[in-house]
Amino acid sequence: MNALFLKRFLHRPFQVASITPSSRMLVTRVSTKFDFSQPRVIVEYGPGEGCHTRSIIKRMHPDSKLLLFELDPELATHLGQQFRHDKRVEVLNADAQELPEALRSRGLLHCDYVLSGIPFSILEPTKKRELLRKTFESLAPNWKSAFIIYQVTNELRRHATHFPRVESEYCLQNLPPMFVTVFYKQALNGHKVNGSNGNGNGNGKH
């Protein structure tokens, strides 16, 4: 799988953005940001060869739904083959900007979590703001719903100001090291909080 990831990086370096998949430690750190105790609608932007996807699938509820947005056609095909036997998983060879339409076409008003590994730092500012807006609006209106990212820089915090609560940590055990940042749809008890650990309930099938 690493060979495929390297091949696609060399073919589309700005889209794939990393020369190797995420480390086991980073995958574990990211997976702790989800509550898998009940059915969820989960979205992943840029799953690549599927290292975070496999972790989510192992943990998520049997009645959950996972939508994978992978713009690279070869990686999308690989993901489709890899998860073809899991009816909870659907691979879309589409831009993440299409999330609202993808949810509506499946009878879903919202999703509970959005995970992203796409390189936001290289996106054109207008496109970046539009994707943040669509992501925010697509999340279920409760204080557990969250947009989770792993990025080389943490510059997205400056742009995602409409998310009222943010948690961030740095994972050194990855090449390159990554910030893992969680942007929550709602604040805890109506207050804007940074760096807190909140729990709540959410289900994308609203």
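The values are calculated or read from the model by the stated rules, or taken from the named source; none is laboratory data. What you see is a predicted model, and the numbers here were worked out from it, not measured in a lab. All Cβ positions, even for glycine, are placed from backbone atoms using ideal geometry, and neighbour counts span all protein chains on display. The protein model used for the area step is the full one, side chains on, heavy atoms only, and it has no ligands, DNA or RNA in it. Shrake-Rupley method; radii C 1.70, N 1.55, O 1.52, S 1.80 Å.
Run the dipole for segment 99-199 about the Cα centre, Lys and Arg Cβ at +1, Asp and Glu Cβ at -1, nothing else charged, and hand back the magnitude in debye, nearest 20. Before the final figure, lay out each step's value.
On the way: 13 positive and 8 negative charges, 53 e Å.
The dipole of segment 99-199 has a size of about 260 debye.
Can you give the Rg/Rh ratio of segment 113-189, where Rg is from the C-alpha atoms and Rh is the Kirkwood radius?
On the way: Rg = 12.2 Å, Rh = 12.7 Å.
Result: Rg/Rh = 0.96.
With N counted as the residues of segment 44-164, its alpha-carbon radius of gyration over 2.2 N^0.38 Å works out to 1.03.
At a 1.4 Å probe, what is the % contribution of carbon and sulfur to the accessible area of segment 19-81? Numbers along the way, then the final one.
On the way: 1240 of 2300 Å².
Reported share for carbon and sulfur atoms: 54 percent.
From most to least packed by mean Cβ count within 10 Å, the peptides 98-106, 63-71 give 63-71, 98-106. Mean sequence separation of contacting Cα pairs (under 8 Å, at least six apart), scaled by the length of segment 57-169, corresponds to a relative contact order of 23 percent.
Excluding ligands, DNA and RNA, the accessible surface per residue across segment 28-75 is 32 Å² with a 1.4 Å probe. At the listed q of 0.20, 0.25, 0.29 Å⁻¹, the Debye profile of segment 25-93, built from one uniform point per Cα, gives log10 I(q)/I(0) equal to -0.77, -1.15, -1.40.
Anything over 19 Å Cα to Cα? Flag those among Lys33/Lys127; Lys33/Lys87; Lys87/Lys134; Lys87/Lys185; Lys33/Lys128; Lys33/Lys185, in the order listed. Before the final figure, lay out each step's value.
Values: Lys33/Lys127 26 Å; Lys33/Lys87 23 Å; Lys87/Lys134 26 Å; Lys87/Lys185 28 Å; Lys33/Lys128 23 Å; Lys33/Lys185 14 Å.
Among Lys33/Lys127; Lys33/Lys87; Lys87/Lys134; Lys87/Lys185; Lys33/Lys128; Lys33/Lys185, the Cα-Cα distance tops 19 Å for Lys33/Lys127; Lys33/Lys87; Lys87/Lys134; Lys87/Lys185; Lys33/Lys128.
With the cut-off at 12 Å, report for segment 115-158 the share of all Cα pairs above it, as a whole percent. Show your work: numbers first, answer last.
Working: 602 of 946 pairs.
Every Cα pair in segment 115-158 considered, those over 12 Å come to 64 percent.
Give the whole-number value, in cubic angstrom per residue, of the convex hull volume spanned by the C-alpha atoms of segment 62-112. Spell out each step's value before the answer.
Numbers: hull volume 3.9 nm³, N = 51.
Cα convex hull per residue, to the nearest whole number: 77 Å³.
Report relative contact order for segment 16-77 in percent, whole number only (criteria: Cα-Cα under 8 Å, sequence separation at least 6).
Values: 67 pairs, mean separation 23.7, N = 62.
Contact order relative to length: 38 percent.
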